[in-house]
Structure formats: structure tokens, C-alpha cells
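The values are calculated or read from the model by the stated rules, or taken from the named source; none is laboratory data. What you see is a predicted model, and the numbers here were worked out from it, not measured in a lab. Here the Cβ is made from the backbone with ideal geometry for all residues, glycine too, and neighbour counts use every protein chain on show. Accessible surface areas use protein heavy atoms only, side chains included; no ligands, DNA or RNA. Shrake-Rupley method; radii C 1.70, N 1.55, O 1.52, S 1.80 Å.
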Amino acid sequence: MKLIHVVGARPNFMKAAPVWRAIDKLTDFQQVLVHTGQHYDILMSEIFFSELNLPQPDYNLEIGSATHARQTAAIMIKFEEVLWQVKPDLVLVYGDINSTAAAAIVCSKLHIPFAHVEAGLRSFDRRMPEEINRLITDQLADLLFTPSIDGNENLLKEGIAESKIKLVGNVMIDTLVRLLPKAYKPKEFNNLEQYLLVTLHRPSNVDGPQILQIVLNKLQEVSEQIPVIFPLHPRTKKMIAENKLSVVQNTNLNLIDPLGYLEFLGLMRSANAIITDSGGIQEETTYLGIPCITVRENTERPVTVSIGTNVLIGSKFDKINELVTLILKGKSKPHAIPPLWDGQAAERIALVIKDYPSSGIQ
Ligand code: UD1
């Protein structure tokens, strides 16, 4: 059986790596890795391949950045050619990025079955490009691997056949469990014991210069309480530079380049709290038991709020200081790890795929 894995941007790599490893253990499976090149910087892409032990891609479509329509269309055109050449039996797509939805549409039109890893998540906010990508991908998928039970419920409500949906757990946590022993702090922060870690890149927080300036001011304010480490996503860095936003960098407010997986994990596990708008970090902090303050109105990962350490603050930026003060006093919410976030999700996916041709889903 021939499988293609499609990856495109940073959060895809941690999800595909454990599935690749699990399928590699099966006999009679040939795997092909396609990188769309949606993320192309060394720090956004290459470093993850070596740290996660992902093989070099068999195909790199070198799409790069563009508007949504251009990026999605370019991926579709080049991925269609790959499908004609490789003729896979099954394609695996991951997460909710433009590469995911683009590959999903191409597979469907060519009648090539595909599986969506991290299916069923919904923020119910169609202003987010990722929500559109999730809806398209899940409607078209032949197999839907969900990380938590809310995913199954959402898919059933949208009329997806129950036989296609498999609750397997969270593959991102598989990577975290495997690599936690190898995680390390960047050496410049080795002696820092108390700090906040920040990541922000959602268009709703960084694409409007006024909002981004308010957020930077709040971070400046909170950095008077506790040092802040803020690895800048290229989108955020560009917005700060283009709009000449003011931010006073000092030993308490560290704006740094994006980090690799092992350094970021090393910082995350020892942080007092994380401020983020990322999806994956809401999950990783829940697993690690680190308080997470999410600067979004909603989340497609509700178990991180109902079970885990996550608190949504929307655009109530004043809450940052308030919550950090409470956290530093040791007052954070009770939390647990959601079911099946145990490091074995990819093994469960491999078991389903092993039986796929005879499962009748085709
Ligand atoms: C994408 C995903 C988002 C995911 C995020 C993780 C979509 C719609 N969004 O958002 O779901 O959470 O990746 O990082 O697919 N850039 C670089 N170097 C790179 C990549 C991007 O400089 O390697 C810059 C470009 O200027 C680009 C901007 O970052 O315009 C945004 O990149 P893009 O891939 O469009 O979306 P992300 O914001 O990274």
C-alpha cells in the first residue's frame, strides 16, 4: 500500500512525525512525504525535520507565502501532479492549514481516498481561515481521526458517517511525550527560573497595528512583574517592523527568533505560564499542566478549557496582568489530561490504516 503524507507549515510537522514512525513499523507500506513549502524559513521548517526525525521530503512544492487564494491554488496545481506520478492508495493530511484543505480538494476530485488527522475540531468562527480549512477537509475526508470526543460530536452533527470517524487521541502529544526527555532551554535563558513564554501570530491579534501595539504594551507592563520571552513568528515580526510599533526590549522583555521544537519545549515545561493564540500550545500546556492564557475569543480545542489549564481572555488584554498575578500566587485552576492524550495516538491510527483496504470504507 502506498501512502502520501502532506505537510506544509510548522504545526504539521509534529503531527506527521509520530504517524510516519508508526506506519513505518507496518509491513507492505510505502510512505511518501510531500512538503508544500507553505513554511520555508530554516527556523519555521528545516529544523523540525531534523529534531523530529522526519525524513527529507520526497517532494517539496516550494509554494511559499501568498494570499489565501493564490497559496491554495498553487498547492492544488502542484499536488495534483504529484498524485498523478505517485498514484497513492491513501493520502494523510494534518491539522487546519491552507495546505490541508488544498490537498483535500485535489484528492477528492481525483477520487483518491484521504484521511484527516486532527478532524472534527471547531471554533465555530468562520472569520478564521483555519475554520474554513477544517470544514472543507472534514466534509471531503474518507477517514477522520479525532483527538477528543467533541470532534466526534461535531462531525456527527455535520452529517459525517459514524463509520468514517475514529477517536484516536492527540498525535501532537505523541511527539511531546517522546521528545520531552530531550527538551532543553536555550542557553541564554538557562539561569532564568521565573518567566512567561509568549507566542502570538493569529491575524486577529497581529494584523491590525493598533491591536498589536496594545498587546505589546500589555506585555511590557507584565514584564515588570516577571520576565517575558517572546519568540516572534515571521508574521508578527513583519507587522512590528512595517508599522514601526514601539516596544522597549530589555532583560525583562525578550523578543527573539522562532525556536526549534526542543528549545521551545524546554522553555514551555518550566514556564510559570504561557500567553498564546496558537492551537497546539493550548494542548501542550494542558498536557504539561502549565497555565495557559489564550488571547482568543474562542477555541476549537474546548477540552483544554473544560479539562485542562487553558483560560480564554479574548481581547480583554487587562486580564493578562490580573491572571499572571494570581498564577504567581499559586492560584491556578484545577486541571487534568484529556483521555487518549497518552503518546499512543499514532499507533492507533496505524492500526486503522493497516486494516484500511479491507475495512469497506473505500
Ligand atoms: C499558518 C497557518 C496557521 C498556523 C501557522 C503556524 C494557514 C491559513 N495558517 O499561519 O493555521 O497556526 O501557520 O505557524 O494555513 N513567513 C515567513 N517564513 C515562513 C512562513 C511564513 O517569513 O517560513 C511569513 C510570510 O511573510 C507570510 C506570513 O509569515 O506572509 C504568514 O505565513 P502563512 O503561511 O501565510 O500563515 P501563518 O501566519 O504562518
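A few points about this structure:
- Fluctuation leader among GLU224, GLU283, GLU118 - the chain, Gaussian network, Cα springs under 10 angstrom: GLU224
- Helix 10-24 vs. the chain, principal-axis angle (Cα, 0 to 90°, nearest 10): 40
- For the chain, with all protein chains in place and a probe radius of 1.4 Å, 52% of the accessible heavy-atom surface sits on carbon or sulfur.
- Neighbours of THR276 by Cβ distance under 13 Å: Lys/Arg scored +1, Asp/Glu scored -1, total 0.
- Qualifying GluC sites (Glu not before Pro) in the stretch 24-111, DSSP loop, other Cβ atoms within 10 Å at most 13: GLU62
- Within the stretch 108-174, the chymotrypsin sites (Phe, Trp or Tyr not before Pro) that combine a DSSP coil assignment with at most 15 other C-beta atoms in a 10 angstrom radius are PHE124.
- Electrostatic tally near SER65: other residues with Cβ closer than 12 Å to its Cβ, Lys and Arg +1, Asp and Glu -1, net +1.
- Shown here is the pair-distance distribution of the stretch 182-328: with all Cα-Cα distances grouped in 10 Å bins from zero up to the longest one, the shares run 11, 45, 37, 6 percent.
- Sum of side-chain charges, SER163 neighbourhood, beta-carbon under 14 Å (Lys, Arg +1; Asp, Glu -1): -1
- On Cα atoms only, tilt of 209-222 relative to the major axis of the chain in degrees: 60
- Counting only DSSP beta bridges whose two residues both lie in the chain, roughly 5 percent are antiparallel.
- Amide H contacts of ILE275: LEU197, VAL198, THR199, ILE293, each under 5 Å away and 5 or more positions distant or on a separate chain (H built 1.01 Å from N in the peptide plane; Pro and chain starts excluded).
- Estimated D of the chain in µm² per second, where Rh is the Kirkwood radius over Cα pairs and Stokes-Einstein applies at 4 °C, 1.567 mPa s: 62
- Its relative contact order, with pairs defined as Cα atoms under 8 Å and 6+ residues apart, puts the stretch 1-130 at 28 percent.
- Gaussian network model of the chain, Cα within-10 Å springs - most flexible of LEU267, LEU288, LEU156: LEU156
- Rounded to the nearest 20 debye, the dipole size of the chain about its Cα centre is 340 debye, using +1 on the Cβ of Lys and Arg and -1 on the Cβ of Asp and Glu.
- When peptides 65-73, 168-176 are sorted by average Cβ neighbour count within 10 Å, with the highest value leading, the order is 168-176, 65-73.
- Neighbour-limited loop hits for trypsin sites (Lys or Arg not before Pro), the stretch 171-250 (at most 16 other Cβ within 10 Å; DSSP other than H, G, I, E, B): LYS244
- Taking amide hydrogens as placed 1.01 Å from N in the peptide plane, the amide H of ASP342 sits under 5 Å from those of ASN170, each at least 5 positions away in sequence or on another chain.
- In the elastic network of the chain, a GNM with C-alpha springs shorter than 10 Å, the most mobile of LEU262, LEU351, LEU54 is LEU351.
- Entry note, the chain: relative contact order of 16 percent, from Cα contacts under 8 Å with a spacing of 6+ residues.
- Two-site label geometry, GLU188 and ASP24: point separation in nm, points 7 Å out along Cα→Cβ: 3.3
- Dipole magnitude (debye, nearest 20) for the stretch 182-328, charges at Cβ of Lys, Arg, Asp, Glu: 200
- Residue-level accessible surface for TRP84, protein heavy atoms, 1.4 Å, Å²: 140
- For the stretch 182-328, the solvent-accessible area of protein heavy atoms averages 41 Å² per residue (probe radius 1.4 Å; ligands and nucleic acids excluded).
- Between GLU297 and MET44, residue separation times 0.36 nm minus the direct Cα-Cα distance comes to 88.5 nm.
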